[in-house]
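Visitor: Dropping the structure in here first, questions after.
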């Protein structure tokens, strides 16, 4: 009787149903929608460290240069510093009078490429003037307001 076709065992279907697959895809989409912006923001913040390292390299080179010359330099080539991949670095005098290079300099890092999407610190600057170091940063500005501490330079 057990071999009779009327008493054949039913087997469970194998695989996933369409509903199960749709629920899984929806969950993955929700997780991605929440996690991706946070991840991208972390990457942007992490790349700021490249700009800070470039600025620090210029500061060290400027002090070595000033030890051998009467003023600071405005040339990355003279200082033997290269700009990080996602930032452009410039060095200027702290005032419109070029003679003030004997008393200080300003280093500005401007984000380029993918880093230009930085909503807080696409432009960062450090000013050394008469022995005082001050910082500035913004998303998109042409002039900086320098202070002794700045959110872009937090560690």
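Visitor: Could you please let me know if residue 150 is farther than 29 Å from residue 69 by Cα, modelled with pLDDT under 95, in contact with a strand residue (DSSP E or B) (Cβ under 9 Å, 6 or more places away or on another chain) and crowded, with 17+ Cβ neighbours inside 10 Å?
Guide: yes
Visitor: Condition first: surrounded by fewer than 11 Cβ atoms within 10 Å (Cβ to Cβ) and farther than 13 Å from residue 86 by Cα. Now tell me which residues in the stretch 40-63 satisfy that.
Guide: Selection gives 42 alone.
Visitor: Taking the condition in contact with a helix residue (DSSP H, G or I) (Cβ under 9 Å, 6 or more places away or on another chain), touching a residue at least 60 places away in the same chain (Cβ under 8 Å) and surrounded by 19 or more Cβ atoms within 10 Å (Cβ to Cβ), does residue 126 pass?
Guide: Details: in contact with a helix residue (DSSP H, G or I) (Cβ under 9 Å, 6 or more places away or on another chain): yes; touching a residue at least 60 places away in the same chain (Cβ under 8 Å): yes; surrounded by 19 or more Cβ atoms within 10 Å (Cβ to Cβ): yes.
Yes: the conditions hold for residue 126.
Visitor: Then there is this: Look at the stretch 122-139 and say how many of its residues are part of a loop (DSSP other than H, G, I, E, B) and closer than 16 Å to residue 90 by Cβ. Explain how you work it out, then say what you get.
Guide: Going through the stretch 122-139, the residues part of a loop (DSSP other than H, G, I, E, B) turn out to be 122, 130-131, 139.
Subsequent filtering for residues that are closer than 16 Å to residue 90 by Cβ retains 122.
Counting residues in the stretch 122-139 that are part of a loop (DSSP other than H, G, I, E, B) and closer than 16 Å to residue 90 by Cβ gives 1.
The values are calculated or read from the model by the stated rules, or taken from the named source; none is laboratory data. None of the values given here were measured: they were computed from a predicted structure. Virtual Cβ from ideal backbone geometry, glycine too; neighbours counted across all protein chains shown.
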